[in-house]
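Worksheet for the structure shown next.
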Amino acid sequence: MDHAHDNSDHDDHDGAAGPPMPSAAAMDALITRIDRPIVLVGLMGVGKSTVGRKLAQVLATPFVDADDAITAAAQMPIPDIFDQYGEAHFRDGERRVIARLIEENSGRAAVIATGGGAFADDETRSLILDRAIAVWLDARIEVLAERVGRKQTRPLLIGRDPHEVLAELMAKRGPAYAQAPIRIVSDQGPHAHSVARILAALMEYVT
């Protein structure tokens, strides 16, 4: 399982028919072959949590949002962690939480959604690549900017233009995201299309 899969060529836009969902038999075979958590990575607004929940539902496996786990562990919202302790402190705590989530779900196809900066951290990325299956959800900057513009609680966006921030983040984090063995374009269209593409890519990945 050392080769990358890029499903961007099969992207569907603006309501076009998406890829078919695998058969029940194919799903059963896939689940038995996945022996580690599936970790979704990518920029903010790409849909990691929403797609992750739907993917876990289809796989009948647990779903965990790493940001929710961090908030629970710190007993404070993520923006407050940034404000009071800084990003370096947050990344350290984030790494420990993700390591715990991967360990707790070792040996099964649980789905873990991570924050946008997690996979850009060298140690966290190494941990995920070594002990999980990383799936990069990618999308065009203009699509992401429209999505995140509706939510003003993200620490890196406060007081700034979303398109500018996202372009900077992609320039900085893109090379890290590209190390994920699976890349899925999650642009327009229902999230169910992204789930179907992830399942198809996972089937290739585990064979």
Through the Karplus equation 6.51 cos²θ - 1.76 cosθ + 1.60, θ set to phi - 60°, convert the phi angles of the range 192-202 into ³J(HN,Hα) values in whole Hz; use x for Gly and Pro. 4, 5, 5, 4, 4, 5, 4, 4, 4, 5, 5
Assuming a ≥ b ≥ c are the square roots of the Cα gyration tensor eigenvalues, decide whether the chain counts as rounded (a/c under 1.5), prolate (otherwise, with a/b larger than b/c) or oblate. oblate
When ranked by the protection proxy of mean other Cβ atoms within 10 Å per residue, highest first, what sequence do the peptides 195-202, 117-124 form? 195-202, 117-124
Rank-order 20-27, 98-105 by packing density, defined as the average count of other C-beta atoms within 10 Å over each peptide's residues, highest first. 98-105, 20-27
Run the numbers for Q188 and E168: contour at 0.36 nm per residue of separation, minus the present Cα-Cα distance, in nm. 5.0 nm
Debye, to nearest 20: dipole size of the chain, +1 on Lys, Arg Cβ, -1 on Asp, Glu Cβ: 340 debye
Let me have the 222 nm mean residue ellipticity of the chain computed from DSSP H runs of 4+ only, each contributing -39500 (n - 2.57), with the sum over all residues rounded to the nearest 500. -16000 deg cm²/dmol
When the label point is put 7 Å from the Cα of Y85 along its Cα-to-beta-carbon vector, which residues of the range 95-129 have a backbone N closer than 12 Å? 95-97
How far, in nm, would the chain grow between D130 and Q57 when pulled straight, counting 0.36 nm per residue and subtracting the alpha carbon separation? 23.8 nm
Computed FRET value (nearest 0.05) for A29 with R108, which takes r as the C-beta separation and R₀ as 25 Å: 0.95
Non-local amide H neighbours of I133 (under 5 Å, H modeled in plane, Pro and chain starts lacking H): which ones? I38, V39
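Taken together, the values in this text are just the output of simple stated rules run on the coordinates, not laboratory data. Nothing here was measured: the structure is a model prediction, and the numbers come from that model. Neighbour counts are summed over all protein chains in view; Cβ atoms, including those assigned to glycine, are modelled from backbone coordinates with ideal geometry.
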